[in-house]
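This report concerns only the one structure given below.
What follows is calculated from the coordinates using simple rules that are stated; it is not laboratory data. Values in this document were obtained by computation on a predicted structure and should not be read as measured data. Cβ sites come from the backbone with ideal geometry, for glycine too, and all protein chains shown count toward neighbours.
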Amino acid sequence: MFTGTSDPLVKSVISKAFPNYHGRKVQIKYNQTGNFGLNSYWDGGSRKYYVVMELSTMRILPVPQNGTMFDHMDIKDFKIPNGYILVKNEIFCGQDMGITIYTPDAPLLAESNDNTTKLEKIDYDVLISCSYKSSYMGKDARYQELKRYFKYTLVEVNASREKLKTMGLMNKNGAINDRGRNELEKYQGPKYF
């Protein structure tokens, strides 16, 4: 589930786990019951930082650097205990990829199910088209791709965009937002064209 840093619980988790983090990219992954490899070291400009946090007291346990031949520990099989969460901040090739919060329990945040209108295939296709550049040389590039693959008319696409904006799945400028990404994750069809 994609979320921002505006939720008070998410904000407090991030401020405790990574006080120097000022980004807005946050993702929450629920029901993570498998084992995690918590190797944390610099390699080619990339690194993953981990913090284990007890949710009730907000007590943290930072995971030290490990996994290289110079470190005397290698954390390959870590299972998140109930009542705890695992918070990861990933740097990939020098770029901050954001925060990911893993929880083994029920959802950390209540999911909003206020979408009473059922989405149709065209609505999902319009959401998927948000991965394309919005315009090129004054032309609506997203509509051009939708027209090329699915033969949608401009009227159909604009009606779907207005519906998605009304439902809060797109911003008013036509960009997909976190709620739209979460809705797209529920979609069972192909997520590309």
key: Within the range 2-102: Cβ-based charge dipole about Cα centre, in debye rounded to nearest 20 (Lys, Arg +1; Asp, Glu -1)   = 260 debye
ask   = Using 0.36 nm per residue, how much length does the chain from Phe150 to Gln65 gain when fully extended, once their Cα-Cα distance is taken away?
value = 25.6 nm
query = For the range 1-56, which chymotrypsin sites (Phe, Trp or Tyr not before Pro) are in a loop by DSSP, counting at most 14 other Cβ atoms within 10 Å?
reply = Tyr41, Trp42
task = Starting from the Cα gyration tensor of the range 2-102, take the square roots of the eigenvalues, sort them a ≥ b ≥ c, and report rounded, prolate or oblate (rounded when a/c is under 1.5, otherwise prolate if a/b is larger than b/c, else oblate).
result = oblate
message = Straight-line reach from Lys79: which lysines fall under 22 Å, measuring Cα to Cα and dropping same-chain residues less than 8 apart?
response = Lys16, Lys29, Lys48, Lys88
task = May I ask you to compute the full-extension gain from His72 to Asn158, defined as 0.36 nm times their residue separation minus their alpha-carbon distance, rounded to one decimal in nm?
result = 25.1 nm
ask   = In the range 120-185, which GluC sites (Glu not before Pro) fall in coil by DSSP and have 15 or fewer other Cβ atoms within 10 Å?
value = Glu120
key: Relative contact order %, the range 134-193, counting alpha carbon pairs below 8 Å whose residues are six or more apart   = 16 percent
request  = Give, as a single signed number, the net charge of other residues whose beta carbon lies under 14 Å from the beta carbon of Ala159, with Lys and Arg counted +1 and Asp and Glu -1.
outcome  = -1
ask   = List the lysines whose alpha-carbon lies under 17 Å from that of Lys165, not counting same-chain residues fewer than 8 positions away?
value = Lys118, Lys121
note = Once the dipole of the chain is set up from charges on Cβ (+1 Lys and Arg, -1 Asp and Glu), the residue from the list Gln144, Met97, Ala175 lying farthest towards its positive end is Gln144
request  = Tell me which label goes with the value of Kirkwood radius over Cα pairs in Å computed from the coordinates here: (1) 19.1; (2) 17.2; (3) 17.7.
outcome  = (1)
